[in-house]
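For reference, the structure discussed in these notes is given below.
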Amino acid sequence: MRLPRSHGSRVYLTHLLAVTTGLVLVVTGPWRAGLLVIGASFVVAAAFRTVIGQDHTGMLRVRGKVFDVVWMGFLGVSLMTLALVVPG
(Lines give C-alpha, C1' and ligand atoms only; values in the text may rest on other atoms or scores of the structure.)
Protein backbone atom coordinates (compact mmCIF):
# COMPACT_ATOMS: atom_id res chain seq x y z
CA MET A 1 0.00 0.00 0.00
CA ARG A 2 1.38 3.39 -1.00
CA LEU A 3 0.87 6.56 1.01
CA PRO A 4 -0.49 9.68 -0.71
CA ARG A 5 2.17 12.03 -2.05
CA SER A 6 0.88 15.25 -0.45
CA HIS A 7 1.10 15.96 3.26
CA GLY A 8 -2.45 17.30 3.26
CA SER A 9 -3.80 14.03 1.91
CA ARG A 10 -2.06 12.14 4.70
CA VAL A 11 -3.53 14.52 7.28
CA TYR A 12 -6.96 14.16 5.64
CA LEU A 13 -6.82 10.36 5.75
CA THR A 14 -5.71 10.46 9.39
CA HIS A 15 -8.58 12.85 10.09
CA LEU A 16 -11.04 10.44 8.44
CA LEU A 17 -9.67 7.59 10.55
CA ALA A 18 -10.10 9.67 13.73
CA VAL A 19 -13.66 10.66 12.77
CA THR A 20 -14.50 7.02 12.06
CA THR A 21 -13.08 6.03 15.45
CA GLY A 22 -15.14 8.77 17.10
CA LEU A 23 -18.30 7.62 15.33
CA VAL A 24 -17.69 4.05 16.48
CA LEU A 25 -17.35 5.34 20.05
CA VAL A 26 -20.59 7.32 19.70
CA VAL A 27 -22.48 4.27 18.42
CA THR A 28 -21.08 1.81 20.95
CA GLY A 29 -21.82 3.88 24.04
CA PRO A 30 -19.29 6.46 25.27
CA TRP A 31 -20.66 9.26 23.08
CA ARG A 32 -18.84 12.03 24.96
CA ALA A 33 -15.48 10.44 24.24
CA GLY A 34 -16.50 9.97 20.62
CA LEU A 35 -17.47 13.63 20.21
CA LEU A 36 -14.25 14.72 21.89
CA VAL A 37 -12.23 12.58 19.47
CA ILE A 38 -14.10 13.97 16.46
CA GLY A 39 -13.85 17.57 17.70
CA ALA A 40 -10.15 17.26 18.49
CA SER A 41 -9.59 15.77 15.05
CA PHE A 42 -11.18 18.81 13.41
CA VAL A 43 -9.10 21.20 15.51
CA VAL A 44 -5.88 19.34 14.65
CA ALA A 45 -6.82 19.29 10.94
CA ALA A 46 -7.43 23.06 11.10
CA ALA A 47 -4.02 23.57 12.69
CA PHE A 48 -2.34 21.47 9.99
CA ARG A 49 -4.22 23.42 7.31
CA THR A 50 -2.59 26.62 8.55
CA VAL A 51 0.91 25.08 8.45
CA ILE A 52 0.87 23.00 5.26
CA GLY A 53 1.77 24.91 2.10
CA GLN A 54 -0.72 25.44 -0.71
CA ASP A 55 1.04 22.96 -3.01
CA HIS A 56 0.80 20.14 -0.46
CA THR A 57 -2.74 20.53 0.90
CA GLY A 58 -4.18 17.78 -1.31
CA MET A 59 -7.58 16.57 -0.13
CA LEU A 60 -7.38 18.77 2.97
CA ARG A 61 -8.17 21.81 0.81
CA VAL A 62 -11.91 22.44 0.40
CA ARG A 63 -12.18 26.18 -0.20
CA GLY A 64 -9.82 28.97 0.68
CA LYS A 65 -7.34 28.63 3.52
CA VAL A 66 -9.15 31.05 5.82
CA PHE A 67 -12.51 29.36 5.25
CA ASP A 68 -11.05 25.90 5.89
CA VAL A 69 -9.29 26.92 9.10
CA VAL A 70 -12.23 28.88 10.51
CA TRP A 71 -14.84 26.26 9.61
CA MET A 72 -12.87 23.22 10.86
CA GLY A 73 -11.84 25.08 14.02
CA PHE A 74 -15.40 26.21 14.73
CA LEU A 75 -16.80 22.73 14.12
CA GLY A 76 -14.18 21.08 16.32
CA VAL A 77 -14.58 23.49 19.22
CA SER A 78 -18.37 23.27 18.94
CA LEU A 79 -18.37 19.47 19.09
CA MET A 80 -16.00 19.41 22.06
CA THR A 81 -18.10 22.04 23.86
CA LEU A 82 -21.24 20.05 23.16
CA ALA A 83 -19.65 16.91 24.60
CA LEU A 84 -18.67 18.73 27.79
CA VAL A 85 -21.79 20.86 28.32
CA VAL A 86 -24.67 18.41 27.73
CA PRO A 87 -25.73 16.92 31.06
CA GLY A 88 -25.43 13.15 31.49
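Looking at Met59, Met80, Met72 in this structure, which one is hydrophobic (A, V, I, L, M, F, W, C) and at pLDDT below 90? It is Met59.
Return yes when Val66 is over 24 Å from Leu25 (Cβ atoms), at pLDDT 85 or above and either surrounded by fewer than 17 Cβ atoms within 10 Å (Cβ to Cβ) or charged (D, E, K, R) (or both) and no when it is not. When the stated conditions are applied, Val66 passes them. Does Ala46 satisfy the condition of being modelled with pLDDT of 90 or more, under 10 Å from the mean Cα position of the chain (by Cα) and surrounded by 18 or more Cβ atoms within 10 Å (Cβ to Cβ)? Judged against the criteria, Ala46 is a match.
Scanning the stretch 15-26 for residues that are surrounded by 15 or more Cβ atoms within 10 Å (Cβ to Cβ) and either under 9 Å from the mean Cα position of the chain (by Cα) or among the aromatic types (Phe, Trp, Tyr) (or both) yields His15, Ala18, Val19.
Results for (1) at pLDDT 95 or above; (2) in a helix (DSSP H, G or I); (3) of a type in the set (Asp, Glu); (4) within 28 Å of Val66 (Cβ to Cβ), shown as yes or no for each residue.
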site	(1), (2), (3), (4)
Arg10	no, yes, no, yes
Thr20	yes, yes, no, yes
Val24	yes, yes, no, no
Val37	yes, yes, no, yes
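For the stretch 69-84, the tally of residues that are within 13 Å of Ala33 (Cα to Cα) and either surrounded by fewer than 17 Cβ atoms within 10 Å (Cβ to Cβ) or touching a strand residue (DSSP E or B) at 6+ places or on another chain (Cβ under 6 Å) (or both) stands at 3.
The values are calculated or read from the model by the stated rules, or taken from the named source; none is laboratory data. If you're wondering where the values come from, they're calculated on a predicted model, not measured in any experiment. Reconstructed Cβ throughout: ideal geometry from the backbone, glycine too, with neighbour counts over all protein chains shown.
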